[in-house]
Amino acid sequence: MPNTLPAWFWIAYYLFLAITIGVSIYNLSNRKSIRLSLLVIWIAITVPIVGLLNSIGRFDELNEFQHLVSELQQGSLWAVYACSGYLFLAVWWITLFLKVRTQQKKSVAR
């Protein structure tokens, strides 16, 4: 039987992606950062698909994360795309939180 990550990880992972897509759709509906929101939606949808398709043939003793790291060390293009996509989403969330925090501080100061 193939080695896989625990169920709690997958729940958190897909919840993160769903919330990311939801916030991006909300931003689109409010006409905020339209191009960036579309890019975030694209990345949040394509990165898991690319990862899943490329993890199908992995060795049974490696879980998905170990397989990703192994492929990244070998310079695999899909692994570079996946890691870049995850990094992009993390930076997007950090900047979003900082932006909201700055707006809240400005509204409290008034």
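Rule-based calculations on the coordinates, nothing more; no lab input. Because the structure is predicted, anything quoted here is derived from the model rather than measured. Virtual Cβ from ideal backbone geometry, glycine too; neighbours counted across all protein chains shown.
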Q.
Normalised by the empirical 2.2 N^0.38 Å for globular proteins, what value does the Cα Rg of the range 7-109 take?
A. 1.27
Q: Identify, among VAL50, TYR26, VAL80, the residue whose Cα sits farthest towards the positive end of the charge dipole of the range 7-109, taking +1 on the Cβ of Lys and Arg and -1 on the Cβ of Asp and Glu, with the dipole about the Cα centre.
A: TYR26
Q | For the range 48-104, the spread of Cα positions along each principal axis, largest first, Å | A | 48, 19, 16
Q.
With angles folded into 0 to 90 degrees, how steeply does helix 7-29 sit against the dominant principal axis of the chain? Use alpha carbons for both and round to 10.
A. 40 degrees
Q: Please give the helix 34-55 orientation as an angle from the longest Cα principal axis of the chain, in degrees from 0 to 90, rounded to the nearest 10.
A: 10 degrees
Q.
What do you get for the angle between helix 77-109 and the principal long axis of the chain? Use alpha-carbon atoms, 0 to 90 degrees, nearest ten.
A. 20 degrees
Q: Provide the net charge surrounding THR4, with neighbours chosen by a C-beta distance below 13 Å and charges set as Lys +1, Arg +1, Asp -1, Glu -1.
A: -2
Q: Report, in deg cm²/dmol and to the nearest 500, the calculated mean residue ellipticity at 222 nm for the chain, where each DSSP H run with n ≥ 4 adds -39500 (n - 2.57) and the sum is divided by the residue count.
A: -28000 deg cm²/dmol
Q: Just grab the label-to-label distance for ARG101 and LEU36, each label 7 Å out from Cα along the Cβ direction, in nm (one decimal).
A: 1.6 nm
Q: Report the calculated FRET efficiency for TRP93 and PHE59 (r = Cβ-Cβ distance, R0 = 35 Å), to the nearest 0.05.
A: 0.65
**Q.** From phi via Karplus (6.51, -1.76, 1.60), per-residue ³J(HN,Hα) for the range 62-73 in Hz, x at Gly/Pro
**A.** 9, 7, 4, 5, 4, 5, 4, 4, 4, 5, 5, 5
